[in-house]
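Trainee: Sharing a structure below in C-alpha cells format, with a few things to ask.
Readers should treat all values here as calculations from the given coordinates under stated rules, not as data from a laboratory. Remember, it's a predicted structure, so these values are computed and weren't measured experimentally. When we count neighbours, we look across all protein chains shown, and the Cβ atoms used for this are built from the backbone with ideal geometry, even at glycine.
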Amino acid sequence: MSKTRISMDIDGVLNVDPPNGALPPHWPEESWRINQIACLPSRGFAVRVTYSTAAMDALRTIEALPGVDVWWCTTWEEYAHAEFAPVVGIGGGWMYVEKGSQPVDVDWWKAAAVRGALDEGYRVVWLDDEIGDWVRDADPDETAWLGDLNALAICPSPWTGILPEHIGAIKRFVATGEKPQP
C-alpha cells in the first residue's frame, strides 16, 4: 500500500458557511455545532466555526487507516492545530504546511505543497474549496499533475463542506488507488 498524504483545508471544507445559516442536510442535523474562536491571532478577529461532529468522526476513520498522513494545508497555518483542532476535536497532532516553504514552483502555495508531496512519492488527497477557482485561472501546464493517478483533488462547496461521498471517495482512493469517475 502506498503512503497517502491528505492535505486538509479548513474554511469551506471543515468549517462551512451555509447561506442564511441553514445547516446542510448531508450530515445529521444533531451533529452540527457552531462555536466561536474568541480571537484568532493570524486574522486578528473572532472566527465563527460551523462544523459537523459526524464529519469529524468520518475523518477519524480515514486518519486511522494504515499509511495515511494528514497535514493541515490552510491559511490558518500553525493556528490550525492550536486553535481550530481543539474546537472540532481532530487534527491537534497534524503537521501544517507553512506558506512559502514549498519545494515546487507552482503559482499557488497550497498547490505547490500538494505537488511537492506527490513528487516525494506520496499518493495525495487534496481537499480545498478553492481548487476549482485555481484550476480555472491557472496555466494548464501547472495543473496537469492533478490528472496523475496518484492525485485526488476534492473541491467541496464552501456552503456544504466535506460530504459523505467525499469520505467514501477518499477511503476508496487510500485503499485501492481508485479515483471517482468525473
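Trainee: Only Cα pairs within less than 10 Å get springs; with that Gaussian network setup on the chain, which residue of Val87, Val125, Val114 has the largest fluctuation?
Mentor: The residue with the greatest mean-square fluctuation here is Val87.
Trainee: Which is the longest stretch in the chain that no exposed loop site breaks, taking sites as trypsin sites (Lys or Arg not before Pro) with a DSSP loop state and at most 15 other Cβ atoms within 10 Å?
Mentor: 100-182
Trainee: From the phi angles alone, apply the Karplus equation (6.51, -1.76, 1.60; θ = phi - 60°) to region 3-20 and give each ³J(HN,Hα) in whole Hz, x where the residue is Gly or Pro.
Mentor: Listing the rounded values in order: 6, 10, 9, 9, 9, 10, 7, 9, 5, x, 10, 9, 9, 9, 10, x, x, 6 Hz.
Trainee: Using amide H atoms built 1.01 Å from N in the peptide plane, name the residues 5+ places from Ile6, or on other chains, whose amide H lies under 5 Å from its own.
Mentor: For Ile6, the qualifying residues are Asp69, Val70, Trp71, Val125.
Trainee: Show the residues, 5+ positions off or on another chain, whose built amide H is closer than 5 Å to the amide H of Val49.
Mentor: HN-HN under 5 Å from Val49: Asn35, Gln36, Ile37.
Trainee: Give me the log10 of I(q) over I(0) for the chain at q = 0.17, 0.20 Å⁻¹, as the Debye formula computes it from C-alpha points; what are the numbers?
Mentor: Here the Debye-derived log intensity ratios amount to -1.13, -1.54.
Trainee: Give me, ordered by chain and number, the residues 5 or more places off Ala151 or on other chains with an amide H under 5 Å from its own placed amide H.
Mentor: For Ala151, whose amide H was placed from the backbone, the distant partners under 5 Å are Val124.
Trainee: Then there is this: In what order do Ile170, Ile37 fall by count of nearby beta-carbon atoms within 10 Å, going from fewest to most?
Mentor: Working: Ile170 24, Ile37 18.
Final ranking by Cβ density, sparse to dense: Ile37, Ile170.
Trainee: For Gln181 paired with Asp148, estimate the spin-label separation in nm (one decimal), with each label point 7 Å from Cα along the Cα-to-Cβ line.
Mentor: Simple spin-label model gives 2.6 nm for this pair.
Trainee: Would you mind telling me which residue in Pro140, Pro164, Pro86 has the biggest mean-square fluctuation in a Gaussian network model of the chain, where springs connect alpha carbons within a distance under 10 angstrom?
Mentor: Among Pro140, Pro164, Pro86, the largest GNM mean-square fluctuation belongs to Pro140.
Trainee: Hydropathy at least 1.6 by Kyte-Doolittle, axial extent at least 24 angstrom from the Cα trace: which helices of the chain, defined as entire DSSP H runs, fit? Kindly include the intermediate steps, with their values, before the conclusion.
Mentor: Numbers: long enough: none.
Span-like helices in the chain: none at all.
Trainee: Would you mind telling me which residue in Val124, Val13, Val68 has the biggest mean-square fluctuation in a Gaussian network model of the chain, where springs connect alpha carbons within a distance under 10 angstrom?
Mentor: Largest GNM mean-square fluctuation: Val68.
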